[in-house]
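Single-structure report; data block below.
None of the figures in this text is laboratory data; all of them are computed from the coordinates on show. Fair warning: this is a prediction, and the values are worked out from it, not measured in the lab. Positions of Cβ are backbone-derived with ideal geometry, glycine not excepted, and every protein chain shown enters the neighbour counts.
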Protein chains: 2
Amino acid sequence: MDDRDLCWLALHLLFYGPSAAARRIVGRFSSITAVFRAVRADFEGLRVDGAAVEAIVTGRAMDRARGELEKIEKKAYTLLTFGNPGYPGYLREIFDPPFVLYCEGDPEALRNPAVAVVGARRPTPYGRAVAEKLAGDLAGRGCVVASGLAAGIDACAHRGALKKGRTVAVLGSGLDVPYPWENRGLHREIAARGAVVSEFPLGTPPLAENFPVRNRIISGLALGLVVVEAARKSGSLITAKLALSQDREVMAVPGNVTSELSAGPNGLIRDGARPVASWEDVAEGLPSPWRENLLARRDEKEENSAASLSRDERRLLDELPVDAALPIDELAERTGLSVSSLLALLLGLELKGAVVQHPGKEFQRRM
Amino acid sequence: MDDRDLCWLALHLLFYGPSAAARRIVGRFSSITAVFRAVRADFEGLRVDGAAVEAIVTGRAMDRARGELEKIEKKAYTLLTFGNPGYPGYLREIFDPPFVLYCEGDPEALRNPAVAVVGARRPTPYGRAVAEKLAGDLAGRGCVVASGLAAGIDACAHRGALKKGRTVAVLGSGLDVPYPWENRGLHREIAARGAVVSEFPLGTPPLAENFPVRNRIISGLALGLVVVEAARKSGSLITAKLALSQDREVMAVPGNVTSELSAGPNGLIRDGARPVASWEDVAEGLPSPWRENLLARRDEKEENSAASLSRDERRLLDELPVDAALPIDELAERTGLSVSSLLALLLGLELKGAVVQHPGKEFQRRM
């Protein structure tokens, strides 16, 4: 932390979120430290809120930044300011980059641009399965997966990525405000093996208005955005719009036209988004040289390759759908196997990560 | 039938199917009747099979045509020759239009260009439901639906269209050769209320090689082609390619990426086909003035409007999926209603055409 970082933080605490006034201030002065050496008259004609100018020229803004920094250090968070070489280069290029990113975990996870995977908060089993599989396949090939830690598709994307590689969560609240509550365990896991970031000052509650603001960072950190399931007029479609305005590749997973949650992705595709079904499809949509780097990993051996399954396991797996769960009775009927021998086989498949069990002894293939 | 029609038939019987030689003959002579007044020398340099020339100049080709015509009249089929004003104008524009269409039923059904709906022979319940619904919605608004009378999506498209309007089936065999056998009832129904057509002479068996040839007529008769479900490398994708080469709009119904039968449509969409979920989407894809004419019917009242359902019926309908069948037990569990009162409600919904019952007391909504 040097003085300049502290100045960025001080300005950020006054203006966080997209702010034209903050951009005008930065544009007027020769450096960020010069802002805090300025007098009232230097801000004339900038149309900046009077209270903010007062906080700057009286030193109160710097005091606040010092206080915030103390809390940040106590929490062992990292502060990435716009002037710092550790600030994500890809995020720097958007129209309204945050001056500061609070980071919990490893800031190295932000060094390379990510692929964002987002979608509905209450997805179908189909959406869950696809999000988890896509994220895992991308992460397993060295691609960081970014998402918003929301319930549903976001959580599936993070979980899938954690199994095979790294992931970054972008919050709509302060880093120290766990939200949503049911994902607090996932938050810890991501912080331990990737990074959780936010532009919101510590203690900021998850206000509804924060989420569209947060979404520009999810897509800003990414080369491209994949929308997995989304209703018409949902937040994910706003993120897709933001991504487009940031010149990011917008991709979408098509789905049955009878599913309301596929209306969003199908509509994006109709409007020009790239339809994707696999990590290779996603790779095809990325700019050079990321595209080529990722595709070069096409022939690498899958971890859970079919070869590690027994013949019986493989036959059973073929009976299981990936987009719905099948009750054990129905599975017994289809395969002609007894319930007890089925359960033994399914346990083996679960341990190999090929099958997931749902409540009521229902089983689903993990793609 | 005049002499010219007979000449077209005679030439057709020698060359049916796309034939460059036949096109060269027609190009050389001033009229179709002139072909049959020609001598051997007139065919020089045309690279036409010697046996065909012999048949033409000896009069044997005309004799054969007279024999075929007798059979056609006995069956009460209509013959539409390329020179006849009743020949479908839209089909006339393709690169290799058939010289003759045999027509069973009402040739008026061919007067306006159709919309083609094609797809897999063994579709999923999702594909069946969408094909039937799309075809019904289009036919109900005066749009003729063309397809190939194959099992699966083709049959669903014809059936859906018959419920609300007119449909045209294009065969890969002679009109008098019923194929596939299970659709012979549907064939009769289409002939009675629309048209069944073929370019193949009477008695032609359904040879595999006939179907790609037939497919160019399906798309040739249509303004656009909708592919509902299709595996990778399937016949429907060949039809889509033909449609593209004929400058027809290619449309596809997206589906879950986990379904093999959606790989075809999703792939077409990736390659530029228009994704469609409703008849309005299809209408949007058609050229003017067909597009505007069809869209003008947007606000017409649906026949099976929700208004004709009771509150209980509507609530039950909301619980039913359109792309899968739900067992009665599960429905009872979901709704909290008794099986007997459910069955009473479902019967009412079936009679109103809103629900279909599958074996084993499973019920599915008809979109």
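Whole-Hz Karplus ³J(HN,Hα) for region B:257-263, in order, using 6.51 cos²θ - 1.76 cosθ + 1.60 and θ = phi - 60°, x for Gly and Pro?
6, 7, 9, 4, 7, 9, 4
Which distance in nm do the two modelled labels at residue A:33 and residue B:58 give, with both placed 7 Å along the Cα-to-Cβ direction?
Between residue A:33 and residue B:58, the simple spin-label model gives 10.6 nm.
Be a star and scan region A:192-214 for residues whose amide nitrogen sits under 17 Å from the point 7 Å along the Cα-to-Cβ vector of residue A:75.
Of the residues in region A:192-214, A:192-207, A:210-211, A:214 have backbone N under 17 Å from the label point off residue A:75.
Roughly what % antiparallel, to the nearest 5, for the DSSP beta bridges in chain A?
40
In terms of the Cα gyration tensor, with a ≥ b ≥ c the square roots of its eigenvalues, is the protein assembly as shown rounded because a/c is under 1.5, prolate because a/b exceeds b/c, or oblate?
Because a/c hits 1.5 or more and a/b exceeds b/c, the protein assembly as shown counts as prolate.
Looking only at other chains, what is the average number of their beta-carbon atoms within 10 angstrom of each beta-carbon in A:245-256?
Averaged over the peptide's residues, the number is 3.
Checking the a/c ratio against 1.5 first, then a/b against b/c, what shape does the Cα gyration tensor give for region A:230-361?
It is oblate, given that a/c is not under 1.5 and a/b is not larger than b/c.
Before rounding to the nearest 500, sum -39500 (n - 2.57) across all DSSP H runs of length at least 4 in chain A and divide by the residue total; then give [θ] at 222 nm in deg cm²/dmol.
Mean residue ellipticity, 222 nm, calculated: -13500 deg cm²/dmol.
At residue B:30, with labels set 7 Å past Cα in the Cβ direction, how many nm apart are the copies from this one, shortest first?
Distances to the matching label points in the other copies: 9.4 nm.
Once the Cα atoms of helix A:184-193 and of chain A are each reduced to a long axis, what angle between those two axes, in degrees from 0 to 90 to the nearest 10, is obtained?
Between helix and principal axis, roughly 80 degrees.
Checking the a/c ratio against 1.5 first, then a/b against b/c, what shape does the Cα gyration tensor give for region B:220-285?
Here region B:220-285 falls in the oblate category.
What order do you get for B:143, A:156 when you list them from fewest to most C-beta neighbours inside 10 Å?
So the residues, fewest neighbours to most, are A:156, B:143.
What are the distances, in nm and sorted shortest first, from the label point of residue B:348 to the label points of the same position in each other copy, with each label point placed 7 Å from Cα along the Cα-to-Cβ direction?
So the distances to the same position in the other copies read 5.3 nm.
Work through the residues other than residue B:34 whose Cβ is under 11 Å from its Cβ and net out their charges, Lys, Arg +1 and Asp, Glu -1.
+2
If you bin every alpha carbon distance in region B:2-44 into 10 Å steps from zero, what whole percent lands in each bin?
28, 62, 11
Please give me the summed charge of the neighbours of residue B:46: other residues whose Cβ is under 13 Å from its Cβ, Lys and Arg +1, Asp and Glu -1.
Summing Lys/Arg as +1 and Asp/Glu as -1 gives +2.
Given Cβ point charges of +1 (Lys, Arg) and -1 (Asp, Glu) and nothing else, what value in debye, to the nearest 20, does the dipole of chain B about its Cα centre take?
Charge dipole of chain B: 420 debye, to the nearest 20.
If I take R0 = 25 Å and measure r between the Cβ atoms of residue A:41 and residue A:20 in this structure, what FRET efficiency does the formula 1/(1 + (r/R0)^6) give, to the nearest 0.05?
0.75
Normalized C-alpha radius of gyration of chain A, against 2.2 N^0.38 Å?
1.12
Looking at the axis that maps chain A onto chain B, which chain A residue has the closest Cβ, and how far off is it in Å, rounded to a whole number?
Reported as residue, whole Å: A:254, 2.
Taking neighbour counts of Cβ atoms within 10 Å as a proxy for exposure, in what order, fewest first, do B:182, A:104, B:260 appear?
B:182, B:260, A:104
Once the label point is placed 7 Å from Cα along Cβ, list for residue B:241 the distances to the corresponding points in the other copies, in nm, shortest first.
4.1
What is the set of long-range amide H partners of residue B:326 at a cut-off below 5 Å, with H atoms built 1.01 Å from backbone N?
Here B:363, B:364 satisfy the definition.
Give me a single rounded figure for A:257-269: the average over its residues of other chain Cβ atoms within 10 Å of their Cβ.
5
Give me the one-decimal nm value for the distance between modelled label points at residue A:106 and residue B:339, 7 Å along each residue's Cα-to-Cβ direction.
A separation of 5.7 nm, rounded to one decimal place.
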